[in-house]
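Participant: Below is the structure I would like to discuss, written out as structure tokens.
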Amino acid sequence: MRNFHFETRQLAGAGEVFFDHCAWMVADMAHAAAVSERLGFLLTPFSVHGNRDARTGAHTPQGTANRLLMLETGYVELLTDVKGIDNPLTQNFRTALARYEGVHLLAFGIDDPVAAHARIEAAGIPLQPIVNLRREVEAENGSPAEVAFSVIRTGFDAFPEGRMQLLKHLTPEHMWQRRYMPKENGITGLLGAVVCVDDPAESARRIGRLLGITPEISDGAARIACARGGVIFVMQDRLSEYVPDARPPSLPYVAAIGMVAPDLGKTRDFLEGRGVRLIEDAGRIVISAEEALGTAIIVHQL
């Protein structure tokens, strides 16, 4: 992942695709929060997802809730379900969680959701209608605020690799609040993902069609390079080249998430001080899946 392009600009421009965020699906939010805090991340308050009707303003709970690990560039989502709601979204969540706890959602930032939806639909990829997600938050100054997104969701069965989303942030000033960014572990940005699959070329072509990006394919591996970050697909017999000590519970499996830090020494010292078992590998720090809620974290020098 170290060869992916990285920049600190938060939002994708016209025609660009950014690796925006990923989501860990977790059964116990309190436990997930404790693990994340041990790794030095700060969490936003618990928030329930809802869809606001553009015509009536009515707010409908979607069945999931989250806490976020905000970074200076990008972020990570801890996603759980809301008890008592049963719909396709929560059913998909529970099916994914039954396979393994870890990352199951990759989200890509775009500039024009309406144009992207039309392009993807024309390509024959099953889509759901664009949703206007809203969450109530507290602004940096303590006043009530709302974060807003326009989100494109694919059909739940369209991508065995996981849940794929494209989105545009409409209120970045309320998303990236400095009080929620980590200060001690030195990690500043989200870079990409490594996904272990049976057929990397097939997976890369399928998701490349979704994103409008031509993948790079090699023997036993493939990659999609976005304008910021990207995704690597790899067969299980080559996974150790990308994620040391990985043990896929089943396939497909998001084996690792890439992050960046300007000072790996600071990150290493902090994590070792917390008793986190680290793997040193070719100038990067690897936090194993066992230490990181089922999906490894690979920290690269920025």
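Participant: Compute the FRET efficiency between residue 115 and residue 219 as 1/(1 + (r/R0)^6), taking r as their Cβ-Cβ distance and R0 = 51 Å, and round to the nearest 0.05.
Facilitator: 0.90
Participant: Moving on. Could you rank the peptides 285-292, 125-132 by their average count of other C-beta atoms within 10 Å per residue, with the highest value first?
Facilitator: So the peptides 285-292, 125-132, ranked by packing, come out 285-292, 125-132.
Participant: Take the alpha carbon gyration tensor of region 126-179, find the square roots of its eigenvalues, order them as a ≥ b ≥ c, and report rounded if a/c is under 1.5; if not, report prolate when a/b exceeds b/c, else oblate.
Facilitator: Values: a/c = 3.66, a/b = 2.57, b/c = 1.42.
Judged from the Cα gyration tensor, region 126-179 comes out prolate (a/c at least 1.5, a/b above b/c).
Participant: Please state, to two decimals, what the Cα-based radius of gyration of the chain comes to when divided by 2.2 N^0.38 Å (N = residues).
Facilitator: On the way: Rg = 18.1 Å, N = 302, 2.2 N^0.38 = 19.3 Å.
The reported ratio for this selection is 0.94.
Participant: Right, something else. How big is Rg to Rh over region 57-214, alpha-carbon atoms, Rh as the Kirkwood inverse-mean-distance radius?
Facilitator: On the way: Rg = 16.5 Å, Rh = 17.3 Å.
Dividing the radius of gyration by the Kirkwood radius yields 0.95.
Participant: Here is a further query. Counting just the Cα atoms, what span does region 178-260 cover along each of its three principal axes? Round to the nearest Å and put the largest first.
Facilitator: That gives 41, 32, 18 Å along the principal axes, largest extent first.
Participant: Classify region 13-144: rounded, prolate or oblate, from the alpha-carbon gyration tensor (a ≥ b ≥ c, eigenvalue square roots; a/c under 1.5 rounded; otherwise prolate if a/b is larger than b/c)?
Facilitator: Working: a/c = 1.37, a/b = 1.29, b/c = 1.06.
Note, shape of region 13-144 comes out rounded.
Participant: If you plug each phi of region 132-147 into the Karplus form 6.51 cos²θ - 1.76 cosθ + 1.60 with θ = phi - 60°, what whole-Hz ³J(HN,Hα) values come out, in order, with x for Gly and Pro?
Facilitator: 3J(HN,Hα) across region 132-147, in whole Hz: 9, 6, 9, 9, 7, 9, 9, 5, 4, 8, x, 7, x, 8, 9, 8.
Participant: Quick one: Karplus J couplings for region 235-242, per residue in order, coefficients 6.51, -1.76, 1.60, θ = phi - 60°, nearest Hz, x for Gly and Pro?
Facilitator: 6, 4, 6, 10, 4, 5, 5, 9
Participant: What's the ranking of 68-74, 195-201, 83-89, 95-101 by average number of surrounding C-beta atoms within 10 Å, highest first? It would help to have the intermediate numbers written out before the result.
Facilitator: Values: 68-74: 23.1, 195-201: 20.3, 83-89: 12.0, 95-101: 15.6.
Ranked from most to least packed, the peptides come out as 68-74, 195-201, 95-101, 83-89.
Participant: Take region 127-265, compute every pairwise Cα distance, and split them into 10 Å bins from 0; I just need the percent in each bin.
Facilitator: The percentages, shortest bin first, are 11, 31, 32, 22, 4, 0.
Values quoted throughout were computed directly from the atomic coordinates according to the rules given, and no laboratory measurement underlies them. Since the structure is predicted, the reported quantities are computational estimates derived from the model, not experimental observations. Ideal geometry is used to build each Cβ from the backbone, glycine not excepted, and the neighbour counts take in all protein chains shown.
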